[in-house]
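Below is one structure, written out as structure tokens, with a few remarks after it.
Read-outs throughout are calculated quantities, based only on the coordinates presented, and are distinct from any laboratory measurement. Model, not experiment: these values are computed from the prediction. So basically every Cβ, Gly included, is an ideal-geometry build from the backbone, and we count neighbours across all protein chains shown.
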There are 2 protein chains.
Amino acid sequence: MLLQTIEQALAQVPYPTRPEGLYEPIEYVLSMGGKRLRPTLLLLAHGLYGGQPEAALPAAVGIETYHNHTLLHDDLMDRADMRRGKPTVHKKWNDNTAVLSGDTMLIMAFRHIMDCPCRRQADVLRLFARSAQEICEGQQYDVNFESRTDVTEAEYIEMIRLKTSVLLGCAVQMGALIADAPDADCDALYRFAEKVGLAFQLQDDYLDVYGDPKVFGKKIGGDILCGKKTFLLINALNRADADTRSRLLQLLADSGCEPEAKIQAVTDLYNRLDIPALTLEAIDRYYAEARTELQALSLPQEQWQPLWDYACSLLGRNK
Amino acid sequence: MLLQTIEQALAQVPYPTRPEGLYEPIEYVLSMGGKRLRPTLLLLAHGLYGGQPEAALPAAVGIETYHNHTLLHDDLMDRADMRRGKPTVHKKWNDNTAVLSGDTMLIMAFRHIMDCPCRRQADVLRLFARSAQEICEGQQYDVNFESRTDVTEAEYIEMIRLKTSVLLGCAVQMGALIADAPDADCDALYRFAEKVGLAFQLQDDYLDVYGDPKVFGKKIGGDILCGKKTFLLINALNRADADTRSRLLQLLADSGCEPEAKIQAVTDLYNRLDIPALTLEAIDRYYAEARTELQALSLPQEQWQPLWDYACSLLGRNK
């Protein structure tokens, strides 16, 4: 239901027709579909306080436009060729188009959010701008971590908080602010989404190694093959003795090794270091903390239950 | 005086110290100096209506931060190695840093402008966001024109209006809005700066061919050598007969030709087609139109004279 409303609103954004080279890539990116997670969270939080979806739709469109701006520029920086089964903008057009159309999406995101008149608009805009800047910081830390082997768990958690959680927190708090929710609820909702984001990212790290390929949708072991600093790898590096640690680093650096053999060897090491249990515990902890935040809301449980159900569905859980 | 205030405010922006890779390039770019034309125009317009500089300084810092964001991303797209005698960000760091630090500057520009509380803040933000989007459109048209030989004068004027004038218009209108100036004055100031921007850009095109190298600061003929679509070239292409037109296109495409000889041959063609007189007339016209806009303000001439003097100094004129 909400998803349909969001897709409709995204499809109805009146893009200027010219210059085509600027706006075609934007429409291309925004019509690719996806879960529309952030606008859905925004509208759900908004609905908790009696807001009608229409009143928050421009902000929902804005946050999805913003999210797709980050994907466009991240794909350019990562030289990723495909996104959602289609060529990325710098592949289909070129690098300069990715820069400029991406910039335009960031500006359009601000404009959409400005089109959402409400008593607390200044707070909404400040929240959005602060969040967007934090997300840039998260991306920069992610880049920095690529060339480091001494990243701590705390540093990793802070990076994914900035890169992933902050925008989920921004989405729910924005929805609540637009519906003029009490301050304490706005803050609790932000922390709720922050924890959901952390659980979600750690689960993504976990499933990349231990997931069912049919359910996960991606090939298993991708993070291992590209040597990505995940929660699993960082904890393995920090918990291994000197010998195991250097063996793990050697394995990851060995480009001659067969992919399947490398994935198996690294997974064996993870298993021996108890990394899966450690990761599942962390996911459970963030999941439980997220629920505690909802319990602190000024609303009865039957009202926030749909928001919790949605978070659970994201995490593939049934409670 | 104003310049000193602006430099001080730019130097006092409290950048987060981490992640260094994100904020160092931003401080680097913003500490390079320059005329600080846009924040100066903003503060001058603000002062016309009794505003004290401090009240508009965050917006002045915001518009200069925004302008430098466009320079950073434009230099990346143009693969320009130097800016103000120093290596550009993508040369000193790398392309990804230019993308991400540039994005952060755009966000910080919005945040600075939000830090300027005033009665008409919503109008200020809307003006800024619309202008920023128009500037992206201008950049896209500029790119499109590179591969075309049939650009009309009207298309060229619209492109430089978007790419250059809009931000000058935004600067003065923003200053006036922050000082709560009458609507008619806000609009007249916008048009004034738009015309100044057009005159300024055409003069830049003119001086690139006919300027005194000692005064102009750049080598003469640079636009001719890189085949840039300037007001001069576009009018020459449109006014030449078929033979002259194809000779001009051949000349520009000939990479074997000696630079000095190419500049001389193109300049001779311009002279024969009366392009210098045509260009100077257009500059004079925009210059006069700009003054007419100031005369329509609700203020006596002695009040707007300093703003006019500043515009004249930009254009190297003495009246």
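Here are the numbers:
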| quantity | calculated |
| --- | --- |
| Listed residues A:L106, A:L72, A:L249, most fluctuating in chain A (Gaussian network, C-alpha, under 10 Å) | A:L249 |
| Nm distances between copies for A:P16, ranked from closest, using label points 7 Å along Cα→Cβ | 3.2 |
| Magnitude of the charge dipole, chain A, Cβ model with Lys/Arg +1 and Asp/Glu -1, debye to 20 | 440 debye |
| Within chain A, helix-based [θ] at 222 nm, where runs of 4 or more DSSP H residues each add -39,500 (n - 2.57), nearest 500 | -24000 deg cm²/dmol |
| Exposure proxy order (Cβ contacts within 10 Å, fewest to most) of B:R83, A:R130 | A:R130, B:R83 |
| Under 15 Å from the B:D187 label point (7 Å along Cα→beta-carbon), backbone N, the range B:267-306 | B:293-294, B:296-298 |
| Stokes-Einstein D in µm²/s, Kirkwood radius over Cα pairs - the protein assembly as shown at 25 °C with 0.890 mPa s viscosity | 91 µm²/s |
| Positive minus negative residues near B:A240 (Lys, Arg vs Asp, Glu; Cβ under 15 Å) | -1 |
| Relative frequency of Cα-Cα separations exceeding 29 Å in chain A, percent | 40 percent |
| Peptide A:92-101, shielding by other chains (average Cβ, 10 Å cutoff) | 4 |
| Label geometry 7 Å along the beta-carbon vector: A:L315 inter-copy distances in nm | 6.5 |
| Residue among A:V124, A:V13, A:V151 with the largest mean-square fluctuation in a Gaussian network model of chain A, springs linking Cα atoms under 10 Å | A:V13 |
| Cut-off under 5 Å, modelled amide H: who pairs with B:R83 long-range | B:T88 |
| Relative contact order (percent, whole number), the range B:1-181, Cα cutoff 8 Å, 6+ residue spacing | 30 percent |
| Computed magnitude of the charge dipole of the range A:16-74 (debye, nearest 20; Cβ of K, R +1, Cβ of D, E -1) | 200 debye |
| Using a 7 Å Cα-to-Cβ projection, B:D187 label spacings across copies, nm, ascending | 4.6 |
| Whichever lysines have a C-alpha closer than 30 Å to that of B:K35, once near sequence neighbours (fewer than 8 apart) are set aside | B:K86, B:K91, B:K92, B:K163, B:K195, B:K214, B:K218, B:K219, B:K228, B:K229, B:K319 |
| Shape call, the range B:1-181: gyration tensor on alpha carbons, a/c limit 1.5 | oblate |
| Positive-pole candidate from A:L248, A:V29, A:A154, dipole of chain A, charges at beta carbon | A:V29 |
| Relative contact order computed over chain A (Cα-Cα under 8 Å; 6+ residues apart), in percent | 18 percent |
| Ranked list, fewest to most other Cβ atoms within 10 Å of each Cβ, for A:D183, A:D309 | A:D183, A:D309 |
| Charge tally in the Cβ shell below 11 Å around B:D183, where Lys, Arg are +1 and Asp, Glu are -1, B:D183 excluded | -3 |
| At R0 = 45 Å, FRET efficiency that the Cβ-Cβ distance of A:M1 and A:L225 yields, to 0.05 | 0.70 |
| Residues A:C170, A:C226, B:C257, B:C116, sorted so that the one with the fewest Cβ neighbours within 10 Å comes first | A:C226, B:C257, B:C116, A:C170 |
| Estimated FRET transfer efficiency (B:E281, B:D123; beta-carbon r; R0 45 Å; 0.05) | 0.80 |
